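So the structure is just underneath, and the comments pick up after that.
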Amino acid sequence: MSGTSAALTPPADAVKPVRHPEAPAPGELLGAHYEHCFGCGSGQPHGLHLQARAGEGVRVTAEFTVKAAHQGAPGLAHGGVLATALDETLGSLNWLLRVIAVTGRLETDFVRPVPVDTVLFLDAEVTAVRGRKIYSRATGRIGGPDGPVAVRADALFIEVKVDHFIENGRPAEIQAAMADPDQVRRARAFEVNP
């Protein structure tokens with residue numbers, strides 16, 4: 001991506017990302033990390049309902065269909081919604097590293113308009129890791145996984161502890177997520193940028 005800020009350029013001592021040995025297998029659907037997440041949760045009627053799938057290495061793919069509720073200009077996706085789709089896809093990468101991380105910085109380029117009823121094909125990868133910093137990038141294409149690029153982003157995620165959510169989230173939602181009897185859903189509620 002041209003014009004990327006220095007904050008999103010991995011330093012010389014950053015290392016190549018390593019997929020966690022217990023990460024979901026390539027091709028496996030990752031599922032929603034939290035039912036009420038605007039990006040991936042099924043509990044949001046006007047949410048994106050984005051579904052990410054594990055790829056090879058530290059890569060994920062996802063698809064998102066732009067609905068009428070997602071438009072900004074008449075008949076076109078709102079830029080903020082497209083940035084959310086990129087952010088959600090990028091956040092899903094952390095499941096492959098098996099870390100809890102939040103978005104520290106996201107820079108998005110809007111290359112071409114995305115009409116309502118278009119399927120956006122997203123592809124994201126972690127490019128480098130340095131300490132708690134996770135560098136990644138994503139593209140969104142229309143017309144198919146090899147179609148023209150409509151949006152792209154570079155991102156910096158910061159690894160955090162679960163206390164980040166407990167100390168900053170609304171108590172009712174935090175307590176509900178922590179009380180979920182399903183251990184996997186309980187852990188995943190806090191895995192990516194909510």
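The values are calculated or read from the model by the stated rules, or taken from the named source; none is laboratory data. This structure is a prediction, so every number in the text was calculated from the model and none was measured. With ideal geometry, Cβ positions are generated from the backbone for all residues, glycine too; neighbour counts draw on all protein chains shown. SASA here: full protein model, heavy atoms, side chains in, ligands and nucleic acids out. Shrake-Rupley method; radii C 1.70, N 1.55, O 1.52, S 1.80 Å.
Among the trypsin sites (Lys or Arg not before Pro) in segment 53-146, those placed in a DSSP loop whose Cβ has at most 14 other Cβ atoms within 10 Å are 98, 132. Nonpolar atom fraction for segment 28-133, defined as the carbon and sulfur part of the 1.4 Å probe accessible area, stands at 50 percent. Of 92, 42, the order by accessible heavy-atom surface (1.4 Å probe, DNA, RNA and ligands excluded), from most exposed downward, is 42, 92.
The distance linking segment 78-107 with segment 1-63 is 6 Å (Cα centroid to Cα centroid, whole angstrom). The mean sequence distance of close C-alpha pairs (under 8 Å, at least 6 residues apart), as a share of the length of segment 1-151, puts its relative contact order at 24 percent. When the residues 146, 154 are ordered by accessible surface, computed with a 1.4 Å probe over the protein chains alone, the sequence from largest down reads 146, 154.
Shape analysis of segment 16-59 places it in the prolate category; the axes a ≥ b ≥ c from the Cα gyration tensor give an a/c of at least 1.5, with a/b above b/c.
Rolling a 1.4 Å probe over the protein heavy atoms gives segment 31-98 an accessible area of 42 Å² per residue. Along each principal axis, taking the top coordinate minus the bottom one, the Cα set of segment 1-149 gives 46, 34, 27 Å in descending order.
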